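To keep things clear, I will list the structure first and then write my remarks on it.
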């Protein structure tokens, strides 16, 4: 009966809060797919940046019905294979290239022992296996992008055609103009050229090639899938979104962040993009992952009001005097930042533009493009 006293629940034997997190910006520093393109494709980092630009233009500026942020992970796959990438080489390079955020391993082991913790990431499993080993947090449940690179074979002619397409893509220039979310703007002429070129390659030429089979067999965790995964976790655990903490930093996290925030939960942007901040109610700029654990622990013990109160009163003096649920964790965070604390902001409609710009600039400086 509703309202009845449940001694088992009162003893705290059933978890009533959970955490879902991405990787980039909170757990890892490097953009694994961009680095893979840089390793195997000539001028590959720019190649990947063009794909991401096209991805964002179609998803957020043009608003195409079939578009979802994160498809660039799928589009890059056949070009990687045509330039010599294999499953083994991707895993090997990912292991060598991995750069973890300071404090990520300790923070995740702590949090996964505190409450149900889920990692939902766009990383392909080649990279995510390396991250999981570095984190050594066995209580985390992971959902990542899947791919079998060796399952589809290309002819020499097709590989040559794909490499020629690579050259066309890398020749494209990316304008410096930034578009605002859901605000109509005229599209820059360089972006028009990107859209026309990528439409021709991805919609007209690739579907006639074996490369299409490889793209269709890959399963990237796009923005929509992150949101669906969030709803699936809610169904599995029986814990509502108002009792959920979501940590994200990429454009692909926007829908999930926005969903949790609008449902009364905590949406935490850590080193987030402009769009990620716009989906959050708290934004953090930090070189260390421990501050994320402080907010997650605050949420677990005291709820969203305590999180917002902490964000609004963020200072060394407040943290030293406050009655924090885990004093050792807070002291460890303070010790990790002896000179200057990470920047923390409670995000609202009045300050979101300023914080989004500040976070995007900090992210680029810390994590790169």
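The values are calculated or read from the model by the stated rules, or taken from the named source; none is laboratory data. Model, not experiment: these values are computed from the prediction. Every residue, glycine as well, gets a Cβ built from its backbone with ideal geometry; the counts of neighbours run over all protein chains shown.
Please indicate, with yes or no, whether at least one residue in segment 173-188 is modelled with pLDDT of 95 or more, in contact with a helix residue (DSSP H, G or I) (Cβ under 7 Å, 6 or more places away or on another chain) and surrounded by 17 or more Cβ atoms within 10 Å (Cβ to Cβ).
No - not one qualifying residue is present in segment 173-188.
Is it the case that residue 170 is closer than 18 Å to residue 51 by Cα, modelled with pLDDT of 95 or more and not assigned by TED's automatic domain parsing to the domain that holds residue 124?
yes
If a residue has to be surrounded by fewer than 21 Cβ atoms within 10 Å (Cβ to Cβ) and modelled with pLDDT of 95 or more to count, how many in segment 56-90 make the cut?
Qualifying residue count for the region: 6.
Can you tell me which condition residue 237 does not meet? The list is (1) farther than 18 Å from residue 62 by Cα; (2) modelled with pLDDT under 95; (3) under 21 Å from the mean Cα position of the chain (by Cα), and all the others hold.
(3)
Keeping to segment 111-158, report how many residues are in a loop (DSSP other than H, G, I, E, B) and either crowded, with 22+ Cβ neighbours inside 10 Å or without any contact (Cβ under 8 Å) to a residue 40 or more places away in the chain (or both).
Selection size over segment 111-158: 7.
Mind checking which residues of segment 320-343 are in contact (Cβ under 8 Å) with a residue 12 or more places away in the chain and either farther than 16 Å from residue 103 by Cβ or touching a strand residue (DSSP E or B) at 6+ places or on another chain (Cβ under 9 Å) (or both)?
320, 322, 324, 325, 342, 343
Out of everything in segment 335-348 that is at pLDDT below 95 and not in a loop (DSSP other than H, G, I, E, B), what residue ends up being nearest to the chain's Cα centre (by Cα)?
336
Hey, could you check segment 1-31 for residues that are outside any loop (DSSP other than H, G, I, E, B) and modelled with pLDDT of 95 or more and say which is surrounded by the fewest Cβ atoms within 10 Å (Cβ to Cβ)?
My answer is 18.
Could you list all residues from segment 240-263 that are within 16 Å of residue 295 (Cβ to Cβ) and surrounded by fewer than 24 Cβ atoms within 10 Å (Cβ to Cβ)?
Result: 243, 261.
What's the total number of residues in segment 297-309 that are under 17 Å from residue 347 (Cβ atoms) and touching a residue at least 24 places away in the same chain (Cβ under 8 Å)?
Total meeting the criteria: 5.
Quickly run through segment 211-241 and pick out the residues that are farther than 30 Å from residue 81 by Cβ and touching a residue at least 60 places away in the same chain (Cβ under 8 Å).
Hits for segment 211-241 are 230, 233, 237, 239.
Here are the criteria: (1) part of a helix (DSSP H, G or I); (2) at pLDDT 80 or above; (3) over 18 Å from residue 250 (Cβ atoms). Tell me which single one residue 50 does not satisfy.
(3)
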